[in-house]
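**Q** One structure, pasted below without further comment.
The values are calculated or read from the model by the stated rules, or taken from the named source; none is laboratory data. Just so we're clear, the structure is a prediction, and the values are computed from it rather than from any experiment. Heads up, the Cβs are rebuilt from the backbone with ideal geometry, glycines too, and the neighbour counts pull from every protein chain shown. What goes into the accessible areas is simple: the full protein's heavy atoms, side chains included, and nothing from ligands, DNA or RNA. Shrake-Rupley method; radii C 1.70, N 1.55, O 1.52, S 1.80 Å.
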Amino acid sequence: MIVVMKAGASSAEIGDVIGEVERLGYKPHPIYGVERTVIACIGDERGKTVLQALEAAPGVEAVVPILKPFKLASREVHGARSRVRIRDGVDVGGERLVVMAGPCSVESEKQILDTAVAVKEAGASLLRGGAYKPRTSPYSFQGMEVEGLKLLARARAETGLPIVTEVVDPHDAEIVAEYADVLQIGARNAQNFALLRRVGRTRKPVLLKRGMSTTLQEFLMAAEYILSEGNHDVILCERGIRTFETATRNTLDLSAIPVLREWTHLPIIVDPSHGTGHWQYVTPMAWASVAAGADGLMIEVHPDPTHALSDGGQSLKPKRFQELMEGVRRFAAAAGRQA
Ligand code: PEP
Ligand code: MN
């Protein structure tokens, strides 16, 4: 249920309603808008009619059910689009598109520093790089772990770019959150509910990737796990789903963008690197993502893709990333955005 407060409701009235929601056994999530405050009441759906009585409380305009199974993620609760602040001047979900770029994995100091400098020069706003890697094979390179986090922090110190890096295991959430500006949850962990809850208890923005076989409703239910722990800074990332097609690594589902924009207030970015799996398809799909309304992009860039320890075949060389960014600026302008 959502309790919609009147436009001029006082903070005492809002506080009383929050207290009453708790007393009735529901978890109140107040959302303070410019115009008015709404209080989402999360809890057992079956007994929620008791909340209807709040309609009589001072300052309350209406008590309405949330129809979608995802509550805090839904536009019913939060009509305006959310912006996720990464740092001053870098917001995901605003007019300006946010591009995150860097290697699949952090491999060495030189590799990450050279990439950071190159992607910054081309116009990226965040540096990506995996220190903990979820690999299909236990025999593949698993990432540099804490050493990789330290190298990312060094690259941030050199370039000023905030860093986004993956957390694979709930036990590593604390150490990754110590170094990262944004915590990435990978496709393979999209329904790892313990991990989702764990990052929901941090105060770092979370980039949540769509699982390779999750529906958009399941995707938003995964986001709900993070939101319901009190972390409201969730960025969704479409990265392709598994279909019968084998020409591409995944099938990049760009129709997810308009659907998600209708269903949720959360910002949505697209990763055409994992979405296609081949460097030559990344740029056109990046441009198509911008045209379809994405709030940003995640792109794998490597100074020497042939020798990359992971995902070299889908990584762009810095020069090609620069060309991608030039086109992104033109497509963004056509879509009424900036890049
Ligand atoms: C990655 O970003 O390198 C990654 C492993 O992505 P995904 O979880 O989308 O496969
Ligand atoms: Mn990768």
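**Q** Only one of K71, K48 is open to solvent by less than 40 Å² (accessible area, probe 1.4 Å) and charged (D, E, K, R); which? Give the derivation first.
**A** Numbers: K48 fails: open to solvent by less than 40 Å² (accessible area, probe 1.4 Å).
Every option except K71 fails the conditions.
**Q** Related question: Mind listing whichever residues of the range 293-323 are crowded, with 24+ Cβ neighbours inside 10 Å, more than 16 Å from ligand 1 (Cβ to nearest atom) and not in a loop (DSSP other than H, G, I, E, B)?
**A** To start, the set of residues in the range 293-323 that are crowded, with 24+ Cβ neighbours inside 10 Å comprises 294-302, 314-316, 321.
Adding the requirement that they be more than 16 Å from ligand 1 (Cβ to nearest atom) leaves 295.
Correct list: empty.
**Q** Checking S140 against (1) among the hydroxyl-bearing types (S, T, Y); (2) within 16 Å of ligand 1 (Cβ to nearest atom); (3) free of Cβ contacts under 8 Å to residues at least 60 places away in the same chain, only one condition comes out false. Which one?
**A** S140 satisfies every listed condition except (3).
**Q** Considering each residue of the range 102-111, count those that are under 18 Å from S273 (Cα atoms) and not in a strand (DSSP E or B), and give that number. First the steps, then the outcome.
**A** Of the residues in the range 102-111, the ones under 18 Å from S273 (Cα atoms) are 102-106.
Next, from what is left, pick out any that are not in a strand (DSSP E or B): 103-104, 106.
Number of matching residues: 3.
Listed here are the residues, each with its yes/no results for (1) modelled with pLDDT of 95 or more; (2) within 30 Å of T306 (Cα to Cα); (3) open to solvent by less than 30 Å² (accessible area, probe 1.4 Å).
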position	(1), (2), (3)
E20	yes, no, no
Q52	no, no, no
V92	yes, no, yes
T115	yes, yes, yes
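**Q** Oh, and also: Taking A333 and the conditions (1) among the aliphatic types (A, V, I, L, M); (2) assigned to a helix (DSSP H, G or I); (3) crowded, with 20+ Cβ neighbours inside 10 Å, which numbered condition does it fall short on, given that it satisfies the others?
**A** In the conditions (1) among the aliphatic types (A, V, I, L, M); (2) assigned to a helix (DSSP H, G or I); (3) crowded, with 20+ Cβ neighbours inside 10 Å, A333 misses (3) alone.
**Q** Are any of the residues in the range 131-141 under 30 Å from W263 (Cα atoms) and either within 15 Å of the chain's Cα centre (by Cα) or β-branched (V, I, T) (or both)? Full working, then the answer.
**A** Our first condition is that a residue be under 30 Å from W263 (Cα atoms); within the range 131-141, this holds for 134.
Cutting the leftovers down to either within 15 Å of the chain's Cα centre (by Cα) or β-branched (V, I, T) (or both) gives us none.
No, because not a single residue in the range 131-141 is under 30 Å from W263 (Cα atoms) and either within 15 Å of the chain's Cα centre (by Cα) or β-branched (V, I, T) (or both).
**Q** Condition test on A333, is it without any contact (Cβ under 8 Å) to a residue 24 or more places away in the chain, of a type outside the set (S, T, N, Q) and within 30 Å of G79 (Cβ to Cβ)? Break it down stepwise before answering.
**A** Values: without any contact (Cβ under 8 Å) to a residue 24 or more places away in the chain: yes; of a type outside the set (S, T, N, Q): yes; within 30 Å of G79 (Cβ to Cβ): yes.
Yes; evaluated as a whole, the condition is true for this residue.
**Q** Condition first: free of Cβ contacts under 8 Å to residues at least 60 places away in the same chain, touching a Gly at 6+ places or on another chain (Cβ under 7 Å) and either surrounded by fewer than 21 Cβ atoms within 10 Å (Cβ to Cβ) or not hydroxyl-bearing (S, T, Y) (or both). Can you find one or more residues in the range 120-127 that meet it?
**A** Looking through the range 120-127, at least one residue is free of Cβ contacts under 8 Å to residues at least 60 places away in the same chain, touching a Gly at 6+ places or on another chain (Cβ under 7 Å) and either surrounded by fewer than 21 Cβ atoms within 10 Å (Cβ to Cβ) or not hydroxyl-bearing (S, T, Y) (or both).
**Q** Name the pairs whose Cβ atoms lie under 6 Å apart, with the first residue in the range 310-321 and over 11 Å from H278 (Cβ atoms) and of a type outside the set (A, V, I, L, M), the second open to solvent by less than 10 Å² (accessible area, probe 1.4 Å) and within 16 Å of ligand 2 (Cβ to nearest atom), and 6 or more positions between them or separate chains?
**A** Listed by first residue and then by second, the contacts come to S310/C104; S310/S105; F321/V301.
**Q** Examine the range 194-213 for a residue that is polar (S, T, N, Q) and more than 16 Å from ligand 2 (Cβ to nearest atom), and state whether such a residue exists. Talk me through it step by step, then tell me what you get.
**A** Filtering the range 194-213 for residues polar (S, T, N, Q) gives 202, 213.
Within this subset, residues satisfying the condition of being more than 16 Å from ligand 2 (Cβ to nearest atom) are 202, 213.
Yes, some residue in the range 194-213 is polar (S, T, N, Q) and more than 16 Å from ligand 2 (Cβ to nearest atom).
**Q** Please enumerate the residues belonging to the range 49-68 that are farther than 20 Å from L220 by Cβ and touching a residue at least 12 places away in the same chain (Cβ under 8 Å). Please lay out each step first, then the result.
**A** From the range 49-68, those farther than 20 Å from L220 by Cβ are 49-63; that's our starting set.
Answer for the range 49-68, where residues must be farther than 20 Å from L220 by Cβ and touching a residue at least 12 places away in the same chain (Cβ under 8 Å): V50, L51, Q52, L54, A57, P58, G59, V60, E61, A62, V63.
**Q** If I filter the range 228-264 down to residues being more than 15 Å from ligand 1 (Cβ to nearest atom), in contact with a Gly (Cβ under 7 Å, 6 or more places away or on another chain) and not polar (S, T, N, Q), which single residue comes out as least open to solvent (accessible area, probe 1.4 Å)?
**A** I257
**Q** Give me the residue from the range 143-184 that is assigned to a loop (DSSP other than H, G, I, E, B) and touching a strand residue (DSSP E or B) at 6+ places or on another chain (Cβ under 7 Å) and, out of that set, surrounded by the most Cβ atoms within 10 Å (Cβ to Cβ).
**A** Start the filter on the range 143-184 by keeping residues that are assigned to a loop (DSSP other than H, G, I, E, B), which leaves 143-145, 160-162, 167-169, 180-181.
Going one step further and asking which of them are touching a strand residue (DSSP E or B) at 6+ places or on another chain (Cβ under 7 Å), we end up with 143, 161-162, 167, 180-181.
Values: G143: 25, L161: 25, P162: 18, V167: 27, A180: 24, D181: 19.
Filtering the range 143-184 for residues that are assigned to a loop (DSSP other than H, G, I, E, B) and touching a strand residue (DSSP E or B) at 6+ places or on another chain (Cβ under 7 Å), the one surrounded by the most Cβ atoms within 10 Å (Cβ to Cβ) comes out as V167.
**Q** Hey, another quick one. Among (1) over 21 Å from the mean Cα position of the chain (by Cα); (2) under 19 Å from I86 (Cβ atoms), which single condition is L149 missing?
**A** Failing condition for L149: (1).
**Q** Right, here's the next one. Of the residues A180, A194, A190, which single one is touching a residue at least 24 places away in the same chain (Cβ under 8 Å) and either of a type in the set (S, T, N, Q) or within 25 Å of T251 (Cα to Cα) (or both)?
**A** On the way: A180 fails: either of a type in the set (S, T, N, Q) or within 25 Å of T251 (Cα to Cα) (or both); A194 fails: either of a type in the set (S, T, N, Q) or within 25 Å of T251 (Cα to Cα) (or both).
Unique residue meeting the criteria: A190.
**Q** Let me ask another. Could you list all residues from the range 288-319 that are out of contact with any Asp or Glu (no Cβ under 7 Å at 6 or more places or on another chain), under 22 Å from L254 (Cα atoms) and of a type outside the set (A, V, I, L, M)?
**A** Hits for the range 288-319 are S289, G293, D295, G296, G313.
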